[in-house]
Amino acid sequence: MHILTELFENFGVDWPKFLAQTILFLIVYLVLRRFAFASVINMLEERRRRIEEGQLNAEKIKKQLAEAELRYEEVLRKAHADSKALIEEARAAAEASTNKELQRAIKDAELIIIHAKEAIIIDRQRMIEEVKRDMISLVVATTEKVAGKVLNADDQQRLNKAAAAVLAS
Amino acid sequence: MLLFTLATTVPIEAEPILAKLHGLFGLLSSMTNSILVSMILVVLLVTWAQRATRRMELIPGKAQNFFELIVEGLYEFFEGIVGHHMIAKSFSLLATLFLYIVAANWFGLLPGVGSIGWKEHGELIPLLRPTTADMNTTIGLAIVFMAFWIVWTLREVGLVFFLKHLFGVKGGVKGFMAVALMPIFFFVGIIEVVSILIRPVSLSLRLFGNVFAGENLLTTMMSLGHTLHFPDWLAHLSSVLLPIPFYFLELLIGVLQAFVFALLCAVYLNLSTSHDEEEAEQH
């Protein structure tokens, strides 16, 4: 202890100076601790917390993005399958419609042909009738001219029958 | 003889600068040039910290960014030594010790410090003296730390564990061997107590010695031309040129000594508050 006291005395250590220096250091310590370090450490902590939050959010967003991509692919795959089914359906419907139209067209054509045939038959009959009538008129007129007399109703009827029989054969 | 003269270029005690005051102002007669420098440092450090942290923002400005850079760097460094459980308590003191010592050491390198003053009885009384070149400061810093060290240690580990840690049988030895080794470990404990008591002295003497030696070195280099009786023009030229390399050395030593002081404090704290041994025994 004596050695220490002597050592301190030799180095000029005495109470007032020692206390003054100690108090001055303690002032710096207390002020920095209260007003500087606390706020800086809080700020660093706040920043660290925000960075961690940001990282967590980034992770979350990344996860959400991956999920969204999966969903998007799923929707795309479903849409693709749906569109394929729709195309198939449309193709089948179109084929069915085409067949139906074709059948109807064939039927229509057949009907037209039948009607045409009927019309032809009717026209033919009508024309034959007209020809017959004309022929009978011609026969009657020719006969009147050849015979040089006007045929009466009986003659005309008889001549008509004879001409009609010839024409029918 | 020449070397002895050179080695005592700067007086070992800080010089009183208001020694002539009496009466009501007599209290101020203890005011030394190193206390004046300490007061300037208090103002400088507090102003700097206050300016840097006046408007704290998440995206910092230049001053805040620089202050945060230092604080964050020191925080991580000390946390690595004292551990996560002690850093919240001890960071402010360790960081203040480091900043205060760096500021004090570098302040001593400013032109005029130690060289501007007045003459009394043919001796120069400098107005300013590096505060860490005064043993009152360094012993004050060491004793403040040791006071906090005792409080934190006892709060952290308790008196029983602390005494057990000092005097107890270590290494997990049990039974007869433990009883046999008790006297040895008790003796080791006494040595440990002595080493703890010596810590303030070793911390303060190391810092004081380095800074005081640096001051002597610079003063010696400045006055070397005159001491060796060079011609006036050469003495003036050498007083400017010769100290330049040593200024760079002192810049380095200034930060290195602050680092060593704070590092040793952190290590002492870690040694006394570490729970490793306790945990090891429980396992």
Which members of the stretch A:1-58 meet the condition of being assigned to a loop (DSSP other than H, G, I, E, B) and more than 7 Å from chain B (Cβ to nearest Cβ)? A:1, A:14
Within the stretch B:26-74, track down each residue that is facing another protein chain (nearest Cβ under 7 Å) and of a type outside the set (A, V, I, L, M). B:30, B:32, B:38, B:50, B:53, B:67, B:68, B:72
For residues that are hydrophobic (A, V, I, L, M, F, W, C) and within 14 Å of chain A (Cβ to nearest Cβ), scanning just the stretch B:164-206, find the one that is surrounded by the most Cβ atoms within 10 Å (Cβ to Cβ). B:203
Do we have residue B:106 as under 28 Å from residue A:45 (Cβ atoms) and of a type in the set (Phe, Trp, Tyr) here? no
Could you check residue B:24 against (1) part of a helix (DSSP H, G or I); (2) over 27 Å from residue A:22 (Cβ atoms); (3) modelled with pLDDT under 90 and say which number it fails? (2)
Looking only at the stretch B:75-112, filter to residues that are within 14 Å of chain A (Cβ to nearest Cβ) and of a type in the set (Val, Ile, Thr); which one of those is nearest to residue B:240 (Cα to Cα)? B:102
Which of (1) away from chain A (no Cβ under 14 Å); (2) surrounded by fewer than 17 Cβ atoms within 10 Å (Cβ to Cβ); (3) charged (D, E, K, R) is the odd one out, the single condition residue B:156 does not satisfy? (2)
Count of residues meeting criterion [hydroxyl-bearing (Ser, Thr, Tyr) and either over 24 Å from residue B:85 (Cβ atoms) or within 14 Å of chain A (Cβ to nearest Cβ) (or both)] in the stretch B:137-153: 2
List the number of the failed condition for residue A:45; all other conditions in (1) at positive phi; (2) within 60 Å of the chain's Cα centre (by Cα) hold. (1)
Positions within the stretch A:138-169 being surrounded by fewer than 15 Cβ atoms within 10 Å (Cβ to Cβ) and among the hydroxyl-bearing types (Ser, Thr, Tyr), in sequence order: A:142, A:169
If a residue must be assigned to a helix (DSSP H, G or I) and over 19 Å from residue B:258 (Cα atoms), how many such residues does the stretch B:43-65 contain? 10
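The values are calculated or read from the model by the stated rules, or taken from the named source; none is laboratory data. Fair warning: this is a prediction, and the values are worked out from it, not measured in the lab. Quick reminder, even Gly has a Cβ in these numbers, built from the backbone with ideal geometry, and neighbours come from all protein chains shown.
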